[in-house]
Amino acid sequence: MGRRLWVREGWHALVGAWAPAEYPARAADDGVGRSVDETMINPVPNGWAAAGAGGHRRAPALAGWVLACLVVLMAPAAAADTQALSPLWWGGIAGGIALAMLTGAVILLNVRLRTRRERDLFASSLDTLPVARQIVAPDGSVMFASTVYQRMFPDSSRPMKAVLEAQLVGEPAEADRLAQLEAQAAAGIAGHTEVTIRSPAGEIEWRDVSASPLQLLPGYVVWGVEDITPRRQVEAIIRREQERFADLVEHAPIGFYSVDESGRFLFVNATLAAWLDLSRSDVAAGRVFLHQIVATQLPSGTPPYDPFGEGGAGGEVALKGPTGKTLQAYIRQEVVPSEAGTGIRTRSVVHDLGRERALEAALRTSEQRFQRFFEEAPVGIALIDHAGRLQECNTAFRSMAGGDAGNLIGSQLLDFIAEQDRQSVNKRLDDVLAGRERGMPLDVRMKRPADRNAALYISRREAASSQDAGWIAHFIDITERKKLELQFAQGQKMTAVGQLAGGIAHDFNNLLTAMIGFCDLLLVRHRAGDQSFADIMQIKQNANRAANLVRQLLAFSRQQTLQPRVLNITDVLAELSHLLRRLIGENIELKMIHGRDLAQVKVDHGQLEQVIINLAVNARDAMVATGGTLSIRTENATIVKAVSRGDETMPPGEYILIQVIDTGHGIPLDIIDRIFEPFFSTKEVGSGTGLGLSTVYGIVKQTGGFIFVDSKAKQGATFSIYLPKYVPGAGAEPARVEAAESTKPFDDTGIGTVLLVEDEDAVRLFGARALRNKGYKVLEARSGEAALEIISSAREPIDLLITDVVMPRMDGPTLIKEVRSKQPNMKVIFISGYAEDNFRRRLDENAEIHFLPKPFSLKQLAGKVKEVMREGSA
């Protein structure tokens, strides 16, 4: 019995040593603190599957085997007292021991092979999973890490929780969740969570972390980690797209809603809610129904989901919100089954007709405004098609083209252009179409009416089809500008000629003053009957003719001295009629047609007569061969609107019209614009000076009037003079009427001291001799500076200062200012070949100044001096 006990115990020890998997309770430890079951699941280097570890596991197995053998051997010794052992028995014992050892070795080998296969199969199955796996022992050491895990985390020796905590970038709660996950797994509960980490490359990534306990090995945890970054990115994209779609639906410029079969709102977008002031919370709570917001009375029996009252898929509906806000809308809807399939719901779209109609009204207003701008634009606008035909035009263009829209539309653009400008316009159209010309205007003359000028701008009109392309033409009326340019050019020309004539007149007047003056001195010694009297008179008469020519030059240049008076035109013409009859001859009839109740005018009497005489003489020359009638007509004229004739524009006002009409051969149209130019004449050489009409023009303009001419070939000519009506108190008082020669006997001698200042030696010499002959003491000075020296050094008072106006360095007005500053009562006479107005503006308005125009005779000089000296002594 004892023997059997020892054998049995030895066998158990043997089996326990060589087959620990069969008896886990007896072979729970392999000498290094790990169970054999654990070695099945750890192929990675942690000490379980290494070659050295195999030697450590064989040592306890052999020790168990030796113990079993000793038990067997000791069993006979224990029983020696009962019987003697035979050699045969001991041989059997040795054979049994050998057989047991061989059997144990075979069993141990099979167990190890099976364990290795199961371990490799378990590791391979974990490696094939796409999720990284790591097994962690209760003490926190890593027992296993899958290939996926090692690729994801190169440092696989650290527990996964520690690795993830070092990479966390999210909120602190994420670390708390990892700790809670670890605690749950330790307690035998599996779980998972998501965390946010920063990858080694610095990018934000997401991980799904799981922790599951091993049921056969308490305290052991299988950790899993999966890279869910792509999934989270896709989810973010989907979420953004959903948000965009939701925003589009919510805030689209149209309304969306859905109601069920009872008319209860299931959905209303923000746009429709804002239009009607609907409460989204009331809609969500199901407290708003469709027919509550339909403003019109619907027929009885209308389904609650129908806003039209007549069925159908669309129609115009008036809506009214709970706050009274109204909306005129067009609703289009579709009725579909509900999601549950037990009812219906609508898909409804609402268009705000109020806004559309407001836009339509704004568009109509804009079109009307554009049409008004187009029609009322001060610039002519014409739309031209590709063939050069007029498609549309505005009022300004019709005015320039001289027609209405019905007659103009469809006509060729070139039909409105004067013949001489058509080629240039046609070339410009081609250049613009080819893109070679842009910006610069083209000056053209319109065909109808003939006196219209326009600046033509042409631009290309783009269109989708070449057949619809064309041009846009802008016509700017530059007729008035052209007239102003002509006026300016004519004025510049007349001013230049006037300045030239004035300068020549001044020099001539100095020469003529000396010639006439010395003739008068000679005539004092050579009376009538003297041998030289006739020669001297001939010289004086020609000098007077030259003086008259100079006066005409001054009249043309508007630089003559006028002596305006208030006159009655009828009286002037009546006095002049006898002279006119003698001038025109017997074969020409003179007709005087006086207007009734003519207003007065303020003009220079002599210059007015000069105008009438010059026009009468010009008319006579036009009728001298054939005879005819010269008519002079007068009347009051009221000009309501400005009148433009040629380059002249007469403003509105009250005028006296004087017309000089002849029945001669007329004035050719090609020269009618030049007849007022100085020295222009159609007469034969020697028959005229060419200053007659230019003198008329200058006198009329200097008087403030206007003169126009109308003429037709072989029908005579009409000169119309418009003189401003005189209004008492509206102008300055009449200028001083200067002394003139008179046949009445006059004592021109006198006494007193006279200072004569004149830079022209001949004029000064004549003046000094003439005044000395009349009894005056005369002091002479060649310049203003010399005159001041004489005045300052004179031992006796100077009674009268006679000075030229234009002198080198110090002129006459400057000299008078200097003298009057010291002797304010000094009497002064200005002598000049220029007009009095040229120097009057430079003197004090209250200055008592007398003027004697050049050329003057001895009698005029002596008479003027006597008049001024008498005023001072009166």
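Read the figures in this text as sums done on the coordinates, not as results from a lab. Quick caveat, the model's predicted, so the values are computed rather than measured. Cβ: placed from backbone, ideal geometry, glycine included. Neighbour counts: every protein chain shown.
If r is the Cβ-Cβ distance from residue 459 to residue 643 and R0 is 45 Å, what FRET efficiency results, to the nearest 0.05? Walk me through the intermediate numbers first.
Details: r = 36 Å, r/R0 = 0.81.
Rounded to the nearest 0.05, the efficiency is 0.80.
Short version: ³J(HN,Hα) in whole Hz for each residue of the stretch 669-675, in order, from phi by Karplus 6.51 cos²θ - 1.76 cosθ + 1.60 (θ = phi - 60°), x for Gly and Pro, what are they?
5, 6, 10, 5, 7, 10, 5
Convert each backbone phi in the stretch 570-581 into a coupling constant with the Karplus relation 6.51 cos²θ - 1.76 cosθ + 1.60 (shift: θ = phi - 60°), then list the ³J(HN,Hα) values in order as whole Hz, x for Gly and Pro.
Each residue of the stretch 570-581 in turn: 4, 5, 4, 5, 5, 5, 8, 4, 5, 5, 5, 5 Hz.
Taking Cα centroids, how far is the stretch 228-275 from the stretch 594-653 in Å?
Using only Cα atoms, the two centres lie 91 Å from each other.
Quick one: go through the stretch 309-346 and flag any residue whose amide nitrogen is under 18 Å from the point 7 Å out along the Cα-to-Cβ line of residue 364.
So the set is 328-329.
Given the peptides 752-764, 768-780, 187-199, arrange them by the average over their residues of other C-beta atoms within 10 Å, most packed first.
752-764, 768-780, 187-199
Quick one: which of 244-253, 851-860 comes out on top by average Cβ neighbours within 10 Å, and what's the full order, highest first?
Listed from highest to lowest mean packing, they are 851-860, 244-253.
Calculate one ³J(HN,Hα) per residue across the stretch 257-265 by plugging θ = phi - 60° into the Karplus curve 6.51 cos²θ - 1.76 cosθ + 1.60, and present them in order as whole Hz with x for glycine and proline.
Going residue by residue, I get 7, 9, 10, 8, 5, 8, x, 6, 6 Hz, with x marking Gly and Pro.
Hey, can you rank 336-347, 220-231 by average C-beta count inside 10 Å, highest first?
Numbers: 336-347: 12.1, 220-231: 18.8.
Top to bottom by mean Cβ count within 10 Å: 220-231, 336-347.
Please give, to one decimal in nm, the separation of the simple spin-label points placed at residue 128 and residue 495, each 7 Å out from Cα toward the Cβ.
Label at residue 128, label at residue 495, 11.2 nm between them.
Check residue 305: other-chain or 5+ apart residues with amide H under 5 Å from its amide H, H built from backbone geometry?
Result for residue 305 returns 263.
Mind listing the long-range amide H neighbours of residue 589? Cut-off is under 5 Å, sequence gap 5 or more, other chains count too, H placed in the peptide plane at 1.01 Å from N.
Residues meeting the criterion, in which the H sits 1.01 Å from N, are 628, 629, 630.
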